[in-house]
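Below is one structure, written out as structure tokens; comments come after it.
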Amino acid sequence: MGLFRNEAAAPPPEYPATQPYPDPATEAPPPAPRFLGWKRLAYIFGALLALLFLWLLVTAPLSNSLKPIAAPGITLVSAGGKPIARSGAVTDRPVDVTKLPDHVGQAFLAIEDRRFYNHTGIDPWGIGRAAFRNLTAGGVREGGSTITQQLAKLAFLSSDRTAARKIQEVILAFWLEAWLSKDEILSRYLSSVYFGDNVYGLRAAAHHYFSRDPEELTVEQSALLAGLLKAPSRLAPTRNLKGARDRARIVVATMVEAGFLTRAEADALPVPRLKVASATDLPTGTYFADWVFPQAREQTELDYGDQKVVTTLDDRLQKNAVDAIRRASLGGAQVALVAMRPNGEVVAMIGGKSYKASPFNRAVQARRQPGSTFKLFVYLAALRAGMTPDSIVSDEPLTIGSWSPRNSGERYRGPITLSEAFAVSSNVAAVRLSEQVGRENVIQAARDLGVASPLADDPSLALGTSGTTLLEMTAAYAAVASGRPPVRARGLPQEADEGWVGSVRNRIRNFRERSTWPMMLDMLHAAAHEGTGRAAVLPVDTFGKTGTSQDYRDAIFIGFAGDLVTGVWVGNDNNSPLKGVQGGGLPARIWRDFMSRSVEGGMPARRAAPPPEAVDEADVPIIQLEPPSMVVPLNDIGMEVGIGIEPDGVVIDARPSAPPPAPPASRPTEAAAPPPREGE
């Protein structure tokens with residue numbers, strides 16, 4: 001009964017009497033959607049493209065295409081104005097293609113992008129032509145990138161050959177075409193491309209290969225430069241002139257095909273001849289230059305043209321350092337030397353016996369055990385703890401856990417003063433002090449003086465068993481010399497601003513330690529003049545400390561005199577022993593050799609020859625002969641000889657002279673005591 005009836009169905013709609021019921025057969029279909037699918041996609045694509053261009057405007061500004069793609073050349077100059085090293089690319093000011101002869105731009109267009117002025121960033125015809133030629137040749141023989149794409153890659157992208165990078169290149173090419181004119185794109189491209197010989201940009205290349213401005217380039221010269229872009233390193237005419245000229249002939253042929261030259265004009269072109277600018281004889285690196293170049297690049301702006309950077313290197317002091325190393329009897333060992341002013345300005349640096357043989361800088365890069373030169377921080381911590389140079393420390397054997405430090409030669413002196421323990425470089429005294437004041441305070445003293453290398457918190461810390469660099473250890477001694485720690489070693493005269501907080505912190509620390517520095521100076525003076533550093537003593541006040549690492553693997557002397565702080569290290573690169581060489585030996589002698597010629601008053605005064613003694617004639621017995629005669633005193637042989645002239649001839653009279661008085665008894669001279677050996 002109710003199987004075919006929907007009792008819950010809604011009643012039929014009511015229509016006004018005047019409105020007929022709708023007829024399904026004649027009813028108009030509902031209106032279509034306002035936007036079709038393809039239009040919707042077009043709008044979405046347009047919106048995404050607008051967002052992409054906005055993103056490029058922020059992340060890849062057009063100004064990047066005006067910057068050189070390689071680091072500009074930097075010439076380092078000594079403090080005296082002498083060029084010492086050069087590094088970086090050869091660049092020059094950008095070119096404006098509208099101010100160049102027509103054939104210059106045409107040479108590049110003919111070989112790189114003949115349809116440049118007719119495409120919108122990418123050239124489908126060029127891509128298809130390149131693909132066909134590569135396919136028929138069985139390999140990649142021709143590229144399809146336009147000049148706009150190449151500029152996009154040079155200015156904004158890496159050289160990775162990936163599909164993602166190629167898509168980025170195409171998008172950037174469209175963007176460049178939208179914002180720049182064709183002439184601007186070509187100008188920026190010519191100002192950035194590589195021409196071999198570390199030369200970037202057309203202006204630099206014209207100067208380098210032909211010694212002329214790009215506005216003066218001839219057709220054959222333009223063709224040669226345009227041909228280099230295919231393989232600039234391989235075709236650089238300074239090394240492969242035949243290859244460069246062969247490639248230039250291909251460029252000329254393409255200029256004829258493109259209608260830029262007639263066949264007659266091409267046939268009449270002479271062979272391009274080079275006029276290479278005189279190459280600089282400056283080295284591209286030295287131990288000092290390699291260390292300074294990163295600092296110099298931080299202070300220079302990325303710009304075209306060579307930039308000169310003045311350094312702190314002193315020509316005279318660097319020569320003194322080189323000469324001192326050459327005079328040293330090093331054998332097969334290596335050597336490093338750093339000299340700086342008390343404010344940290346490095347004035348001389350030697351990183352090894354020969355930069356050509358090994359550019360590894362042992363003064364900056366090598367972390368070696370500083371030995372007893374590290375005891376500076378142990379005794380500084382002791383002075384901070386309230387001790388004085390006259391405080392007593394036990395120089396007797398001790399054991400910490402299973403480890404027992406030993407003095408050199410097993411010599412122990414019993415209770416001695418801190419000053420004496422520092423001078424003779426007692427190991428057990430240093431370890432005992434370190435444990436007494438706390439190793440954490442020793443480490444803090446090292447950090448306060450600028451040591452940044454990792455320091456092991458174990459009992460052997462006091463003996464300099466943690467590796468440090470000679471540069472940072474010398475800077476630490478410079479902090480003591482200046483009394484204003486920490487001192488940052490630098491190769492440029494501009495001092496970095498440490499900020500207001502750092503300045504206040506250092507001033508407070510220096511105020512608290514005004515009584516500490518004089519005591520530390522007294523102990524350094526005693527170590528040099530009375531202790532293990534006697535071989536380094538100069539005629540002027542000398543302050544310093546010797547250092548010898550375990551098994552004689554490293555020998556060091558660091559000290560200062562006048563206005564110069566110098567550290568010298570001697571060792572083997574393979575960390576093998578030095579056969580008994582100690583810091584108070586060869587390093588101290590090298591230090592003195594260098595400093596004696598570098599510090600005012602460092603050379604011993606030359607003794608003037610004594611004036612001849614005045615002789616009283618009454619003290620010289622003579623023989624009077626008649627007629628006139630000549631008397632010759634010969635006291636050295638115990639005779640007095642008289643020569644007289646007589647009528648009969650020459651008369652010679654001789655007699656023994658009085659014996660000379662006996663010299664006063666001389667006091668026996670006391671043999672100078674040899675300097676004590678280090679306690680390592």
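The values are calculated or read from the model by the stated rules, or taken from the named source; none is laboratory data. Everything numeric in this text was worked out from a predicted model, so none of it was measured. Reconstructed Cβ throughout: ideal geometry from the backbone, glycine too, with neighbour counts over all protein chains shown.
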Strands (runs of 3 or more DSSP E) (entirely within segment 346-459) containing at least 3 residues that are in the same structural domain as ALA528 (by TED's automatic domain parsing) and touching a helix residue (DSSP H, G or I) at 6+ places or on another chain (Cβ under 8 Å):
346-350, 392-395
What is the number of the single condition among (1) free of Cβ contacts under 8 Å to residues at least 40 places away in the same chain; (2) under 41 Å from the mean Cα position of the chain (by Cα) that SER408 does not meet?
(1)
ALA107 meets each of (1) modelled with pLDDT of 70 or more; (2) touching a Gly at 6+ places or on another chain (Cβ under 6 Å); (3) not charged (D, E, K, R) with one exception, condition (2)
Restricting attention to segment 348-359, and to residues there that are hydrophobic (A, V, I, L, M, F, W, C) and surrounded by 17 or more Cβ atoms within 10 Å (Cβ to Cβ), which single residue is nearest to GLY331 (Cα to Cα)?
ILE350
Which of (1) crowded, with 16+ Cβ neighbours inside 10 Å; (2) within 20 Å of SER576 (Cα to Cα) does PRO389 not meet, given it meets every other one?
(2)
Yes or no: segment 433-441 includes at least one residue that is without any contact (Cβ under 8 Å) to a residue 12 or more places away in the chain and closer than 24 Å to ARG514 by Cα.
no
Kindly evaluate LYS275 against the criterion of being part of a helix (DSSP H, G or I), basic (Lys, Arg) and surrounded by fewer than 19 Cβ atoms within 10 Å (Cβ to Cβ).
no
Taking segment 399-412 as the search range and keeping residues that are crowded, with 16+ Cβ neighbours inside 10 Å and not aromatic (Phe, Trp, Tyr), which one is modelled with the lowest pLDDT?
SER408
So which of ALA296, ALA339, ALA324, ALA363 ends up being within 15 Å of the chain's Cα centre (by Cα) and closer than 17 Å to MET595 by Cβ?
ALA363
Give SER192, SER187 a once-over and let me know the one that is within 22 Å of THR98 (Cα to Cα), part of a loop (DSSP other than H, G, I, E, B) and at pLDDT 85 or above.
SER192
Close pairs (6 angstrom Cβ cut-off, 6 or more residues apart or separate chains): surrounded by fewer than 21 Cβ atoms within 10 Å (Cβ to Cβ) in segment 182-208, part of a helix (DSSP H, G or I) anywhere:
LYS182/TYR117; ASP183/VAL97; ASP183/THR98; TYR194/PRO232
Taking only segment 447-460 into account, find how many residues are without any contact (Cβ under 8 Å) to a residue 40 or more places away in the chain and either in contact with a Phe, Trp or Tyr (Cβ under 8 Å, 6 or more places away or on another chain) or under 22 Å from ALA555 (Cβ atoms) (or both).
2
Which count do you get for residues in segment 211-232 that are touching a residue at least 40 places away in the same chain (Cβ under 8 Å), closer than 17 Å to ARG93 by Cβ and surrounded by fewer than 22 Cβ atoms within 10 Å (Cβ to Cβ)?
3
Go over the candidates THR546, THR516 one by one and state the one that is out of contact with any Pro (no Cβ under 8 Å at 6 or more places or on another chain) and either modelled with pLDDT of 95 or more or more than 16 Å from LEU586 (Cβ to Cβ) (or both).
THR516
Does segment 588-598 contain at least one residue that is touching a Ser or Thr at 6+ places or on another chain (Cβ under 9 Å), in a loop (DSSP other than H, G, I, E, B), at pLDDT 95 or above and farther than 15 Å from GLY331 by Cα?
yes
Output the residues belonging to segment 155-181 that are modelled with pLDDT of 80 or more and loosely packed, with under 15 Cβ neighbours inside 10 Å.
ALA178, TRP179, SER181
Filter pass, SER354 being more than 18 Å from the chain's Cα centre (by Cα) and free of Cβ contacts under 8 Å to residues at least 60 places away in the same chain
no
Within segment 180-230, restricting to residues that are more than 32 Å from the chain's Cα centre (by Cα) and polar (S, T, N, Q), the one that is nearest to VAL256 (Cα to Cα) is SER222
